[in-house]
Each structure stands twice: as C-alpha cells, then as structure tokens.
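The values are calculated or read from the model by the stated rules, or taken from the named source; none is laboratory data. Predicted model, so just to flag it, every value in this text is computed and none were measured. Cβ sites come from the backbone with ideal geometry, for glycine too, and all protein chains shown count toward neighbours. The accessibility values were calculated without ligands, DNA or RNA, using every heavy atom of the protein model including side chains. Shrake-Rupley method; radii C 1.70, N 1.55, O 1.52, S 1.80 Å.
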Amino acid sequence: MSQSDNPYKLKDITLPSNAVWHTCTVSAAQRAELLQQMPRCIWLTGLSGSGKSTVANALDSALHSNGIKSYLLDGDNVRHGLNKDLGMTENDRAENIRRVGEVAKLMVDAGLVVICAFISPYKRDRQMVRSMFNHGQFIEAYLDTPLFVCEGRDPKGLYKKARAGVIKQFTGISDPYEQPENPEVILDTSKLSVNDSVKQIFNTLAQ
C-alpha cells in the first residue's frame, strides 16, 4: 500500500495517547450536498437573561419549518450530560466551551446547521471556537441586552442569588463578560422581538 492509499496519518499535535487520524471516504462537502444546505455554526453569546435560549429555540424552529436540518446545543442542557463534570471556574468555563466547539464542529462536518446558546464570557474561548471552522461557517450573534434588563428579567432567579452572595463567579456580577469585537450579528432583545431577532440572523445567513 502506498502512502497516498493509506487512510491513517499521525496528528500534527502531541496527544496523550497513540491515537492516529483516520481519513473518512465521505467528505464534509458530500454530506452537505446530500442534505442540500450550507452547514453553519450559529453561536449565541450574551449575559444570562439576554434571551439566548429563547432566540435559539425560535431560530431552530424556524430553520426546521424551512426544511433546514439543524440542532440546538443549549448551555444548561449540555451541563446535564456532556459537561456535567464541570463547574463555573474560569478553567471549567473554558473547557465547557472547548468541548461544545468540538461537538459543533462534528455537527457542521455532518452537514447540519448547529445553534449554540452559551454565555461564553471570554473572548479567547469564543475565538478558539471560531478558529475550528472554515471561513463563513461560524456566525457569532451577540445578544447585547443591557445588564439591568437581564437582571430585571432574572428568569431563573440567578441574579438575586448572585447579589446575595449565594452564587459565586456569576457573569455580569462577580465575573466579567468580555463583549465581542466584531460579531456577525448584534441583537438587543430589550428592543427587538424574538421574531425580529430570528429574522436578523436569517438575513445574515442569506448573505
């Protein structure tokens, strides 16, 4: 067997194991062609209470209604399974986002449009995820909803607990949120309805 016929090759990074990369016969482009759609990762970031989960769910429903094969990865839901071993320290937050980014990349490789709704407060973590995707595959939607609005909503009662000191390391109160510098979409859900927010993301996908 010649080297060109060998589907196995060593990874370019140092691994804590002897794992080698197995090249698949079916390419990402072929999977996307079969589904007749452009796979994307739509990453919703913003403070707790900014409307990420609500907008993400409405977007997923709209995509489904338009015949687009999509999947929603929600921050709280992922912490019930894949990331249930992680806490809220800065290092655990980074690992949380890294794992989700890897899962999202697999879904995009499968030809899907994957929607990710995560606070993801640190620029470096969001940039790390963006770097996993080809140009144009990653759409960052920043829910630029003011803190006082998010705190006024407080749908889970988290801000009240954070102000009382019950919850430590809470983004926007005791932990920082680093705003995106050049997101593809900016949404202020204190001014935009859910439907209008979804329309803005759809318009970006069409560009």
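Quick notes on this one:
- Count of the stretch 55-64 residues which are open to solvent by 10 Å² or more (accessible area, probe 1.4 Å) and either modelled with pLDDT under 95 or more than 14 Å from the chain's Cα centre (by Cα) (or both): 4
- In the condition set (1) closer than 16 Å to I119 by Cα; (2) without any contact (Cβ under 8 Å) to a residue 12 or more places away in the chain, N134 is compliant with all but (1).
- Counting the residues of the stretch 176-195 that are touching a helix residue (DSSP H, G or I) at 6+ places or on another chain (Cβ under 8 Å) and among the charged types (D, E, K, R) gives 3.
- Meets criteria (touching an Asp or Glu at 6+ places or on another chain (Cβ under 8 Å) and of a type in the set (G, A, S)) for A164: no
- Which listed residue is out of contact with any Ser or Thr (no Cβ under 6 Å at 6 or more places or on another chain) and part of a helix (DSSP H, G or I), from V100, V55: V100
- Residues that are surrounded by 11 or more Cβ atoms within 10 Å (Cβ to Cβ) and in a loop (DSSP other than H, G, I, E, B), drawn from the stretch 24-38: C24, S27, Q37, M38
- Which numbered condition G111 fails, given (1) buried (at least 20 other Cβ atoms within 10 Å of the Cβ); (2) modelled with pLDDT of 95 or more; (3) assigned to a loop (DSSP other than H, G, I, E, B): (1)
- Breaking point among (1) surrounded by fewer than 16 Cβ atoms within 10 Å (Cβ to Cβ); (2) under 22 Å from L86 (Cβ atoms), for P121: (1)
- Answer residue from the stretch 79-101, given it is of a type in the set (D, E, K, R) and within 15 Å of Q127 (Cβ to Cβ) and is nearest to the chain's Cα centre (by Cα) among those: R98
- In the stretch 152-198, of all residues being hydrophobic (A, V, I, L, M, F, W, C) and in a loop (DSSP other than H, G, I, E, B), the one that is most open to solvent (accessible area, probe 1.4 Å) corresponds to V166.
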